[in-house]
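Heads up: the structure comes next, in structure tokens.
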Amino acid sequence: MSVATFYHAGCSVCVDAEQNLAYALDPARYTVEIVNFADSPERIAEAETAGVQSVPAFVIDGSVFHVNHGATMAQVKGE
């Protein structure tokens with residue numbers, strides 16, 4: 001089973017994407033992990049290493065899928 005990690009910053013666009021996309025993935029094919037940087041800021045570096053450039057974004061099997069150009073990772077980090 002593949003892991004689909006959904007990274008987001010907790011904004012309304014991100015929460016909508018979480019509710020409408022992350023939970024729409026087939027649970028027989030994907031284990032979905034939700035990472036909200038407001039709750040888990042220590043995971044920002046992990047997302048950047050995976051190639052996430054803006055949130056919301058999925059990382060599935062090593063591929064990054066940017067859902068909507070929301071906040072850049074620099075904005076997430078407060079730079």
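Observations
- In the stretch 12-47, the residues that are at pLDDT 95 or above, buried (at least 18 other Cβ atoms within 10 Å of the Cβ) and small (G, A, S): A47
- Test for A9: is it within 17 Å of K77 (Cα to Cα) and surrounded by 14 or more Cβ atoms within 10 Å (Cβ to Cβ): yes
- Matching residues in the stretch 56-69 - criterion: being out of contact with any Cys (no Cβ under 6 Å at 6 or more places or on another chain) and surrounded by 13 or more Cβ atoms within 10 Å (Cβ to Cβ): A57, F58, V59, I60, V64, F65, H66, V67, N68
- Enumeration of residues in the stretch 24-49 that are under 11 Å from the mean Cα position of the chain (by Cα) and more than 15 Å from V64 (Cβ to Cβ): V32, I34, N36, F37
The values are calculated or read from the model by the stated rules, or taken from the named source; none is laboratory data. On a predicted model such as this, the values are computed, not experimentally measured, just so you know. As a convention, Cβ positions derive from the backbone with ideal geometry for all residues, glycine included, and neighbour counts pool all protein chains shown.
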